[in-house]
Each structure stands twice: as C-alpha cells, then as structure tokens.
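Q: Here you go, one structure.
The values are calculated or read from the model by the stated rules, or taken from the named source; none is laboratory data. Here the structure is a predicted model, which means the values were calculated and not measured. Positions of Cβ are generated from backbone atoms using ideal geometry, with glycine treated the same way; all protein chains shown enter the neighbour counts. We work out accessible area using only protein heavy atoms, side chains counted, and drop any ligands, DNA or RNA first. Shrake-Rupley method; radii C 1.70, N 1.55, O 1.52, S 1.80 Å.
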Amino acid sequence: MRKKYDDKLAVPMSSMIDVVFLLLIYFIITQRDEISEAHLAINLPAPGSAKASENKPQLLEVEVFEKQYFLRGTSVSLETLESTLNSFRNPDLTVIIKVSINAKAPDLVNVLDLCQGAGLTKLNVVTLR
Amino acid sequence: MRNRGDEDLETPITSMIDIVFLLIIFFVVTAAVDKDMVDESIMLAEAKKSPAVETSDPRMVTINVNQRGQINIALQPVTLNQLEQMLLALKIQAGDSLPLLIRCDGNTKFDYIDRVMQRAAKIGLYRVRIAAMVDG
C-alpha cells in the first residue's frame, strides 16, 4: 500500500523536473542572446611613438569624416574601402585610422569592422583636429 | 486512508516548488548583476563582419558614453576627471594591460569618444576596445 503511493508520487516529480530544466534553458539562452557584442580592439597613439612608425613601409592611412572615407587623399565609398582593405590581407599591415572629431561612432565602427573582416589587426586610431 | 495518503504526497512538491523558484530567482538576479555594467539606453553601432565576443577579460573596465557625451561606469555617472582618477587607481591595481571597453551610442560624436581615449592614453592605457552590436 505504501509502495503504491510512492510510485504515484514519482510521476509529477519527473514532469516538474522537465519544466524546471526548460525554464533554466530558457534563461540561459536569453542571457546569451543579449551578449552578442563585438569588441573592436584598437591601439591609441602612445606619446613619442610617432618616430618609430616612420620607417615602416607597410602603412595604410584611412581618414574618416562624417559618413565620408578618404584613402590616400581621395574620397572612397565604403565598398571601395572594403575591397581595398581585402586586397591587402596582410596581418603585418598597420592601418592608421585618422578620425575627424565631427565623425560619429558608426563611421569609425564601420572602418574597424572592415579591417577586422580583412584580417587586419594592427589598428591605430588618431584624432584629426 | 486515501485522504491521508494524498496529504503525504503534497508535501515534497510544495518544497520542490520553493526550491525551483529560489533557483529561478537566483538565475534572474545573477543575470541582472551582469547587465548592471551596461547602460541599456545606449544603442551600439552595428558591425557586420566582426565576430561576437565569446569570453572577455574579467578585469575589463566598461565605459559607457551616451550620445550627449555623458560618461558612466556601471551606471554611475562620472566626469572626465573622475574617470581619469578611477582609471589611474585601477591601473595601479591591475597593471598596464588593463583592457578598456568603450560602449558608445550610434549617435555619439567621435569628439566625445576621443576625450575618453585621450584620458586613457594620458594614463598609459593604450589598448582600448570599442563595442559594436552583432546582428543575428
């Protein structure tokens, strides 16, 4: 008689455990979703480091203005900039990104993103005044 | 007799519900603590090519810069001078390799970001990351 009750008791427990695990999985998944952030690493110019970079032949300068990008003095679209950056594909290439103070965050993020996509990791951000 | 058996049966389930709710509350609270570092009002710029971060350095200092250039760390508003003091104190604790993360709004002018970066560089923290949203 006692044993029969124990058997009945086990059924709601296991379904409840199922519900608990579903809840747990739900919370873990929703938590992961919110952290879909990329962290774009850049280097800031250290004081006195300007001289060291003079001798390096592999240097690319990109100038960023508000919704405008300049490559070696000529205005380029984001697509042109992307294909140019992709044509380098050289992890040793140092990219110097000169950003105007009037530019907005997405302008910089776009360039950093393209560099990341092209496998360029040596990114230096300089401010244009 | 039947009635008595039912009463015996109810007890473990209620205590189990208690435990379940405690677990849920625990997870909700710990998730909320994680998010406290992040200013939800900031809409990050979008990055299409970059991979989402899997793990980040636990020492990472998150600096939120909103579109009006106001700075806060863990939702605590700070001025540039206070930020500099904080970073200096953290640098002494954690060393030169202390990573900084700037979370800036999609409408933040680079001018404001630059001010933060200038202070970071002044202290000797040259490794800065800029947060962007990964779609999908």
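Q: Which percent, nearest 5, of DSSP beta bridges in chain B are antiparallel?
A: Details: 6 of 16 bridges.
So the antiparallel bridges amount to about 40 percent of the total.
Q: Give the average, rounded to an integer, of partner chain Cβ atoms located within 10 angstrom of each Cβ in B:13-19.
A: Details: counts 4, 0, 0, 5, 2, 0, 1.
Rounded to a whole number, the mean comes out at 2.
Q: Within the range B:46-134, what whole-number % of the accessible surface is contributed by carbon and sulfur, with the 1.4 Å probe and all protein chains included in the calculation?
A: 48 percent
Q: Can I ask one more? As an exercise, use a Förster radius of 30 Å and the Cβ-Cβ distance of A:E79 and B:A89 to find the FRET efficiency, rounded to the nearest 0.05. Intermediate results must be reported in sequence, preceding the final value.
A: Working: r = 45 Å, r/R0 = 1.50.
For A:E79 and B:A89, the calculated efficiency is 0.10.
Q: Can you give the average number of partner chain beta-carbon atoms within 10 Å of each beta-carbon in peptide B:110-121, as a whole number? Let's see the in-between values first.
A: On the way: counts 15, 8, 3, 8, 10, 2, 0, 6, 2, 0, 1, 5.
That works out to 5 on average.
Q: What is the distance, in nm, between label points placed 7 Å from the Cα along the Cα-to-Cβ direction at B:T79 and at A:E61?
A: 3.7 nm
Q: What is the interface area between chains B and A, defined as buried accessible area summed over both chains with a 1.4 Å probe, reported in Å² to the nearest 100?
A: Buried: approximately 4300 Å² between A and B.
Q: Largest first, what is the accessible-area ranking of B:L23, A:L24, B:L87 with a 1.4 Å probe?
A: Details: B:L23 70, A:L24 35, B:L87 0 Å².
So the residues, ranked largest to smallest area, are B:L23, A:L24, B:L87.
Q: With all protein chains present, how much of the accessible area of the range A:52-128 (probe radius 1.4 Å) comes from carbon and sulfur, to the nearest whole percent? Present the calculation step by step, with values, prior to reporting the outcome.
A: Details: 1820 of 3730 Å².
About 49 percent, which is the carbon plus sulfur part of the accessible surface.
Q: Continuing with this model, one more query. To the nearest 10 degrees, how steeply does helix B:110-123 sit against the main Cα axis of chain B, on a 0 to 90 scale?
A: Result, in degrees: 90.
Q: Whats the longest run of chain B with zero GluC sites (Glu not before Pro) that are DSSP loop and have at most 13 other Cβ atoms within 10 Å?
A: Details: sites that count: B:E40, B:E54.
Longest gap between qualifying sites, sites excluded: B:55-136.
Q: Return an integer: the convex hull volume of the alpha-carbon atoms of the range B:46-134, in Å³ per residue.
A: Working: hull volume 8.7 nm³, N = 89.
Normalising the Cα hull of the range B:46-134 by residue number yields 98 Å³.
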